[in-house]
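Worksheet: the structure to be examined is printed underneath.
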């Protein structure tokens, strides 16, 4: 504008200059537009829209914050008037973003998944997350309703009723090389939501969380320190059975430039004999660079599932836990027999995404309690079924046709491919 905010005596504006200032002020107000339809006027020549002009689209909730790029309105972020959140578009800020929200449960029965984890066991549960137990610490990890308004699922870890083991329990997310590289040379922060069960037993209700990094080969840490270990983030909170708490903690230690191992851990040490609900529920875990916390990032489910399949995938329907004898036509792998019985047949499958390493594989007969392929026309099991080749891109299954197999018969088998860390 042509005039300073304070008009001094003896320096009045001309009418034309004053009009220009008022027009500029009106144009500035027009350019900051909030409404249900996109603006058509702006501060440009003859009221034209200009690059960088704002429009808050209030026709849907959360509101969409847009900017004009010279051709169209592009999304900058979102404003949620109900939850009082302002956040940007998907930027993959969350290093544990494959399943920090505990939304993907391929290894079990999807949204109704429940895993029995025995004492002194380390076992994957929700995708990318494993639980490590100690002696007399049999547990169950289950998908439950999310802890926040925008979350569909969370993970509930329960020390079974009557268990007496009082060693540390560790619920952890080991990281792969591509994720570790994103953290090098930076301070990290951790945030998550947690809720204690009615019989939550740790002394003082203490729940601890850490980011450990090391310089050895990619792998799980559990309770064994990494090679050249650094604890980049550490914190704790105290929960009682009536609380749900969110926490945010910024690390003070820079992740070393030579870090090649990393794991985010949530841990607790139960006390005494477990009651009926000696549990902790965890949700919305985010690990990101910097001391400034941002709103939890929620990629669409299809993006999460695709990312998790780099580590694990199954031929079973998403809501079906892998098992023998789940039935014919349940999304098993198929092949058409090309030669007669007692000869080798092959089933070739392309992995749905490039896996992080060549996977280990497990085969499941869809119509009997064994690991053979099934001739679904002759209603008989094949024999000598095994994986001929398993790579990051494809798997070849080899089997011998069943008695009665004819050219053109349909052969089927289920498979799990596991490339977990």
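A short reminder: the numbers here are calculations on the coordinates, not readings from a lab. Please read these numbers as outputs of a predicted model, since none were measured by experiment. Glycine also receives a Cβ, built like all others from the backbone with ideal geometry; neighbour counts cover every protein chain displayed.
Summary of computed values
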quantity	calculated
Value at 222 nm in deg cm²/dmol, rounded to 500, when DSSP H runs of n ≥ 4 in the chain each add -39,500 (n - 2.57)	-2000 deg cm²/dmol
Compactness relative to 2.2 N^0.38 Å, alpha carbon Rg of the chain	1.30
Packing rank of 396-402, 123-129, where each peptide gets the mean count of other beta carbons within 10 Å, highest leading	123-129, 396-402
On Cα atoms only, tilt of 15-31 relative to the major axis of the chain in degrees	20 degrees
Rounded if a/c under 1.5, otherwise prolate or oblate - the stretch 324-376, Cα gyration tensor axes	oblate
For 139, 382, 308, order by how many other beta-carbon atoms lie within 10 Å, fewest first	308, 382, 139
Descending semi-axes in whole angstrom, ellipsoid equivalent of the stretch 101-217, from the Cα gyration tensor	24, 18, 16
Gyration tensor over alpha-carbon atoms, the stretch 107-158, equivalent ellipsoid semi-axes in Å	22, 11, 9
Calculated log₁₀ intensity ratio I(q)/I(0) where the Debye formula runs over C-alpha points of the stretch 110-308, q = 0.10, 0.11 Å⁻¹	-0.40, -0.49
Size descriptor, Kirkwood hydrodynamic radius, that averages inverse alpha-carbon separations across the stretch 156-244, Å	15.2 Å
Whole-Å distance, taken between Cα centres, linking the stretch 39-59 and the stretch 287-353	46 Å
Whether the stretch 269-328 is rounded, prolate or oblate, judged on the alpha carbon gyration tensor where a/c under 1.5 counts as rounded	oblate
Alpha carbon convex hull of the stretch 238-397, projected area averaged over orientations, nm²	15.4 nm²
Convex hull of the stretch 130-179 built on C-alpha atoms - directionally averaged projected area, nm²	5.0 nm²
Cα Rg, Dmax, the stretch 53-123, angstrom units	19.4, 62
Fewest-first ranking of 248, 14, 133, using other Cβ atoms within 10 Å as the exposure measure	14, 248, 133
Percentage relative contact order, the chain, counting C-alpha pairs under 8 Å, at least six apart	14 percent
